[in-house]
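K.L.:
Here it is: the structure, laid out below.
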Amino acid sequence: MTELSVQTQTKRYPVYITPGALAQTGSIVAAQGTGRNTVVVTDHQVAEYFLERVVQSLKNAGFTCDSAVIPAGEKSKTPEQLARLYASFHKAGLTRSDSVVALGGGVVGDLAGFAAATWLRGVSLVQVPTSLLAQVDSSVGGKTGLDLPQGKNLVGAFYQPNAVIIDPLVLETLPGPYRADGMAEIIKYGFIADRTLLERIETKNCDQSWMIERCLRIKIHFIEKDEKDSGERMLLNFGHTVGHSIEKLTGFTRYSHGQAVAIGMVLAARMGEIMNRTKPGTTHRLVRILTEYGLPISTNLPVPELIDALRSDKKKLGRHIHFVLLHQPGEAFLHPMTPEEIQPVLEVASHD
Ligand SMILES: NC(=O)c1ccc[n+]([C@@H]2O[C@H](COP(=O)([O-])OP(=O)(O)OC[C@H]3O[C@@H](n4cnc5c(N)ncnc54)[C@H](O)[C@@H]3O)[C@@H](O)[C@H]2O)c1
């Protein structure tokens, strides 16, 4: 079993990556030395495939185990579903020494993570990510939260899990479009920090476990240097600044997160080339790879509207947005720009 370790200022925890790891959930939670009571939070779709296996594994390890099942999809990241989770925790008698197990994609991980962070001011949390995006990104790093009618991820907490259990075999049932969303993040890791990963993605010569481990090593490197996302961790936002604007402008319905990030990455790479900060040919390579993996590379959304959406970016520092640009494939840097500076370059980039 591959075991990575994350050391932040608040916690040190293991990340296990191994085919078949799901069946070891019980023994891994037991190794945390927490209480004997657990609640598994999952969504309806994931429950159908994997809930029974995880519950059985916990019971075999001697745990009392309840489950809370939310509807699948982003629409569940709400205060209403959070309140339902609190009610389930209460009903299960979950005490401060007990554990929440988040079994699912990024939606379950974010919502159950926030519920664990806030129930009795914080109980143990074990992330068992089942989507590619959650396995390479959201389950590690401690960002938890939910959406409000006013905006996405507006409420949240940094709350690191006690352990992360990644079983690449569960991806066999993941529908294609969600796989593509995860690939957008993997392609991002390659372009910001890992040329070997990029080459393997290009030649389709990579084992799933290898690829997940490679991405998580990059993510862990950034988390350990900058847990609260105020410096180097922001490089992980390559493509996300414009990507978030695209999602927001289209009401989070026309493009998935991964698709919006894919378009955002192309625009950021092209902007870098226009400003002579990015090696020529980088955008061409990015476009080729994204297309190969079925991801979009452009949008017809008007630039002035994208810029308006950018102005409310929650990662803004004063008037500046921490824009992520590439020196070349595999090397990224932060480039603070005001929306006024971004607009003309984005205009040219989006018409190229
Ligand atoms: N916390 C973070 O650092 C972070 C980072 C990136 C994204 N996110 C959040 O993650 C969310 C998106 O995550 P997502 O793409 O995993 O979406 P998701 O959780 O909605 O999962 C996508 C769909 O796939 C299904 N699914 C998941 N695993 C499956 C499997 N193995 N087999 C069959 N179906 C499966 C789910 O039921 C769902 O319908 C967003 O809310 C985003 O804000 C968080």
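Derivation of every value follows stated rules applied to the coordinates shown; laboratory data play no part. Keep in mind it's a predicted model, so treat the numbers as computed, not measured. With ideal geometry, Cβ positions are generated from the backbone for all residues, glycine too; neighbour counts draw on all protein chains shown.
K.L.:
Counting helices only, and only those DSSP H runs with n ≥ 4, report the 222 nm mean residue ellipticity of the chain as the sum of -39,500 (n - 2.57) divided by its residues, in deg cm²/dmol to the nearest 500.
P.N.:
So the calculated ellipticity at 222 nm is -13000 deg cm²/dmol.
K.L.:
Put a dot 7 Å past each Cα toward the Cβ at Arg288 and Glu340; how far apart are the dots in nm?
P.N.:
Placing both labels 7 Å beyond Cα along the Cβ direction yields 4.0 nm.
K.L.:
Provide the gained length on full extension for the span His327 to Glu52, in nm with one decimal, where the gain is 0.36 nm per separating residue minus the Cα-Cα distance.
P.N.:
Length gained between His327 and Glu52: 94.3 nm.
K.L.:
A follow-up question, please. Based on the alpha-carbon gyration tensor of the range 126-175 and its eigenvalue square roots a ≥ b ≥ c, which shape applies: rounded if a/c is under 1.5, prolate if not and a/b is larger than b/c, or oblate?
P.N.:
It comes out oblate by the Cα gyration axes.
K.L.:
Then there is this: Counting only DSSP beta bridges with both residues in the chain, what percent are antiparallel, rounded to the nearest 5?
P.N.:
That works out to approximately 45 percent antiparallel.
K.L.:
Compute the distance from the alpha-carbon center of the range 180-227 to that of the range 10-45, in whole Å.
P.N.:
The range 180-227 and the range 10-45 have Cα centres spaced 23 Å from each other.
K.L.:
Mind running the shape call on the range 83-166? Use the C-alpha gyration tensor, a ≥ b ≥ c as the square roots of the eigenvalues: rounded below 1.5 for a/c, prolate if a/b tops b/c, oblate otherwise.
P.N.:
oblate
K.L.:
How long is the gain from Asp226 to Ser312 if the chain were fully straight, where each residue apart is worth 0.36 nm and the alpha carbon distance is subtracted?
P.N.:
Here the segment from Asp226 to Ser312 would lengthen by 28.7 nm.
K.L.:
Pulled fully out, how much extra length does the chain show between His90 and Ser27, if you take 0.36 nm times their separation in residues and subtract their Cα-Cα distance?
P.N.:
Length difference between fully extended and current span is 20.2 nm.
K.L.:
Mind listing the long-range amide H neighbours of Gly104? Cut-off is under 5 Å, sequence gap 5 or more, other chains count too, H placed in the peptide plane at 1.01 Å from N.
P.N.:
Correct list: Val128, Thr130.
K.L.:
Also, quick follow-up: Given the pairs Lys225/Lys279; Lys75/Lys279; Lys75/Lys225, which are separated by over 31 angstrom at their Cα positions?
P.N.:
In this structure, Lys75/Lys279; Lys75/Lys225 exceed 31 Å between Cα atoms.
K.L.:
Follow-up question, since we're still on this one. Which of rounded, prolate or oblate describes the range 10-134 when judged by the alpha-carbon gyration tensor and an a/c cut-off of 1.5?
P.N.:
Note, shape of the range 10-134 comes out rounded.
K.L.:
Identify all lysines with a Cα-Cα distance to Lys204 below 19 Å; exclude those on the same chain that are fewer than 8 residues away in sequence.
P.N.:
Hits, sequence-local ones excluded: Lys188.
K.L.:
Same structure again: I'd like to verify something in the chain: which complete DSSP H helices, judged by Cα projection on the helix axis, reach 24 Å or more and average at least 0.5 on the Kyte-Doolittle scale?
P.N.:
257-274
K.L.:
Roughly how far apart, in whole Å, are the Cα centres of the range 128-178 and the range 257-294?
P.N.:
Measuring centre to centre over Cα atoms gives 25 Å.
K.L.:
Can you spot the aspartates and glutamates whose alpha carbon is less than 13 Å from Lys143's alpha carbon? Ignore those fewer than 8 places along the same chain.
P.N.:
Within the straight-line limit of under 13 Å, Lys143 reaches these aspartates and glutamates: Asp110, Asp226, Glu227, Asp229.
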